[in-house]
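Heads up: the structure comes next, in structure tokens.
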Amino acid sequence: MSEMQPSVLVVEDEPAQREILTYNLEAEGFRVIGAETGNEALMLIEEERPDVILLDWMLPGTSGIEICRQIKMRPDLRMIPVIIISARSEEIDKVRGLETGADDYVSKPYSILELVARTKAQLRRSRPATVGERLTYADILLDSETHKVFRGEHELKLGPTEFRLLTTFMEKPGRVWSREQLLDRVWGRDIYVDTRTVDVHIGRLRKALSRSGGKDLIRTVRGAGYALG
Ligand code: CA
């Protein structure tokens, strides 16, 4: 399964709640990862780097609030949007939840449709291409809905792999991606592809991007990988 599909980590200790969330989020095209406890959640966040985290406040052991605090203190994780789900509906609890750096707060009982909508709203920031947003960087425009790419006035012809590579770069300009991370994201983690294949497709992407004479915007970071800009 290609990692172009957005992923959401659902941290909820009640199996019935977890199941209903999983069912509804999968129906909306998410890859759902489930965790029952705070410690399991922290491990999965490290391993999977989900695009959005739905976090129940009341968990056995480490609470959702504490997990959120830990995520938001980590420079490499703090950009992942966190939605706190809580049975505590008091305004003061909502404020406490948001003060830990949570991006949104939903109280139980919640409407599943509303929660899915709020999850998508967070995704619009963290993985804009997966919800059909247009991405721009310098003079490049990428329309993820029509799969068209323009540089200035010129439409560029990209192969499917180059299109996914460019989408990945344009969702996070400046981020350095290792070859392994690009393989996971663009080819999918179940497929065996040699890391040199990444270099081949980066070469094709560079060629396509500079065909109209613009400067090379893909940076090779020695010993690390590639970045846009
Ligand atoms: Ca709970």
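Each reported figure results from applying straightforward, stated rules to the coordinates on display, with no laboratory input. In this text the structure is predicted, and so the values were computed from the model without any measurement. Note that each Cβ is placed from the backbone with ideal geometry, even for glycine, and that neighbours are counted across all protein chains shown.
Odds and ends about this structure:
- Rg/Rg_globular for the range 78-140, with Rg_globular taken as 2.2 N^0.38 Å and Rg from C-alpha atoms: 1.36
- FRET efficiency estimate (nearest 0.05) - Cβ-Cβ, residue 16 to residue 63, R0 25 angstrom: 0.75
- The charge dipole of the range 122-215, taken about its Cα centre with unit charges on the Cβ of Lys, Arg, Asp and Glu (plus for the first two, minus for the last two), comes to roughly 200 debye.
- The alpha-carbon positions of the range 1-146 define a convex hull whose volume is 122 Å³ per residue.
- Pair residue 117, residue 191: separation of 7 Å Cα→Cβ label points (nm): 3.6
- For the range 31-46 versus the range 48-90, the gap between their alpha-carbon centres in whole angstrom: 10
- Positive contributions from Lys and Arg (+1) and negative ones from Asp and Glu (-1), summed over other residues with Cβ under 12 Å from the Cβ of residue 157, come out at +3.
- Degrees, to the nearest 10: 112-126 long Cα axis against longest axis of the chain: 40
- Range of Cα positions in the range 91-183 per principal axis (Å), largest first: 52, 28, 24
- Length added when fully stretched, residue 99-residue 28, from 0.36 nm per residue minus Cα-Cα: 22.6 nm
- Farthest towards the positive end of the charge dipole of the chain, among the residues 178, 6, 210, is the Cα of 210, using unit charges on the Cβ of Lys, Arg, Asp and Glu.
- With Cα atoms as the point set, the range 130-228 shows a radius of gyration and Dmax of 12.8, 38 Å.
- Applying the criteria of a DSSP loop state and at most 13 other Cβ atoms within 10 Å to the chymotrypsin sites (Phe, Trp or Tyr not before Pro) of the range 147-229 yields 192.
- Reachable lysines, given that their alpha-carbon falls under 17 Å from the alpha-carbon of residue 148 and they are not under 8 places away in the same chain: 157, 207
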